[in-house]
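Structure first, then comments.
The values are calculated or read from the model by the stated rules, or taken from the named source; none is laboratory data. Keep in mind that this is a model prediction, so the values were computed, not measured. We place every Cβ from the backbone using ideal geometry, glycine too, and count neighbours over all the protein chains shown. Only protein heavy atoms, including side chains, enter the accessible area calculation; ligands, DNA and RNA are left aside. Shrake-Rupley method; radii C 1.70, N 1.55, O 1.52, S 1.80 Å.
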Amino acid sequence: MYFHRIAALLAMCLALSSGGASAVTQAEVEAGAARLYRVRIDALAQAGMLDRDAAFVARVARIAQRLGEQARRDNPAAPALSWEIHTSSDPDDNASCMAGGKILVSQAYVEQLALSDAELAMVLSHEMQHAILLHNLKEYKEAVRRDPGWLARPFSALEEALDHDARLMGQLAALNREQEVEADREGMAMAWRAGWRAKQLAAYFRKLEQAASMSHIGSASHPSALQRWRAARRQAGALE
Ligand SMILES: [Zn+2]
C-alpha cells in the first residue's frame, strides 16, 4: 500500500504542476508511477537486491503473465496495462503493483510464507487488481474531493500530510480499506478464472492469518488478517 500511496502522491504532484485536479488523467498517474518505479528498481539494483534468483524471477513472471492474459480476456476493451515485473531480496518488501502495472515482489516474503504457486498467484492477482481497478486514481480524486484546498498548497505539504496528518489519513482510510477488500475479492475471482483452484488461492489468507500475531486486529484502512481469511474462505466456497 505504501507504493500505491507514493504513486498517488506523485500523480497529484503532476496534477498540481499541470493546472489542477480536473487535468489529472490515468496516463499522468501511470507516468508518475513509472518514474517512481524506476527510482526504486535502480536503488535495488545498486544495492545488489534486484532479480537475484533467475528461477524465482521466472516463476513470478510466468504466474503474472497468466494473470495478465486473464485480465485481457476479462476486459478486452480496457486500455492495455504495461505490466513490468521485478523481484527484490529486500526483507522489508512484500509485494506491490503500482499504477499501470509495475510489480515488485519480495523473494524473502514468498519464502517466509512458503507460498505455493496458487498462493503466489493470489498475492499477484490482488496487487494487479489495484492497477486494473485504477485505485491510485480513485484515491487521488477522493483526497482532492474532500479538500480541494490541497491543490493550492505545495506538494510537499500534502505528501507530509498523507503520512502524518491523522485527519487526512482518516479521511482516506475508508477508501483504502474498501480498495483492499475489493482487490482481495476481484483478485481471487480473476485467479480462479485463470485456472487456479479457489481453495488453493484462499490458502494464502489462511497462512497470513496464522502468521499474524494478532490476526483479529485490523485498522481503519485495512481489514484484519482474520477478516480476510474468512472472506476468502466464503468466496472460495461459493466459487467451487
Ligand atoms: Zn492491496
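Tell me yes or no: at least one residue of region 7-26 is out of contact with any Asp or Glu (no Cβ under 7 Å at 6 or more places or on another chain), within 16 Å of the ligand (Cβ to nearest atom) and modelled with pLDDT under 55. Scanning region 7-26 turns up at least one residue that is out of contact with any Asp or Glu (no Cβ under 7 Å at 6 or more places or on another chain), within 16 Å of the ligand (Cβ to nearest atom) and modelled with pLDDT under 55. Restricting the first member to region 177-190 and to residues that are part of a helix (DSSP H, G or I), and the second to residues that are open to solvent by 20 Å² or more (accessible area, probe 1.4 Å) and away from the ligand (no atom under 11 Å from the Cβ), the beta-carbon pairs closer than 6 Å and six or more apart or on different chains are Met188/Gln235.
Count, please, the residues in region 211-240 that happen to be at pLDDT 95 or above and farther than 27 Å from Gln171 by Cβ. Qualifying residue count, region 211-240: 10.
Once region 75-96 is narrowed to residues that are in a strand (DSSP E or B), without any contact (Cβ under 8 Å) to a residue 40 or more places away in the chain and not hydroxyl-bearing (Ser, Thr, Tyr), the residue that is most open to solvent (accessible area, probe 1.4 Å) is Ile85. Of all residue pairs spaced 6 or more apart or on separate chains, those with beta-carbon atoms under 6 Å, a first member in region 49-74 that is within 22 Å of Ile132 (Cα to Cα) and touching a residue at least 12 places away in the same chain (Cβ under 8 Å) and a second member that is assigned to a helix (DSSP H, G or I) and open to solvent by 40 Å² or more (accessible area, probe 1.4 Å) are Gln70/Arg193; Ala71/Ile132.
Is it the case that Gln200 is open to solvent by 50 Å² or more (accessible area, probe 1.4 Å), at pLDDT 85 or above and touching a Ser or Thr at 6+ places or on another chain (Cβ under 9 Å)?
yes
Restricting attention to region 203-238, the residues that are hydroxyl-bearing (Ser, Thr, Tyr) and open to solvent by 70 Å² or more (accessible area, probe 1.4 Å) add up to 1. Total residues in region 99-116 satisfying the condition of being under 17 Å from Ala54 (Cα atoms), touching a residue at least 24 places away in the same chain (Cβ under 8 Å) and within 14 Å of the ligand (Cβ to nearest atom): the figure is 3.
Among the residues of region 117-156, those identified as within 15 Å of the ligand (Cβ to nearest atom) and among the polar types (S, T, N, Q) are Ser125, Gln129, Asn136.
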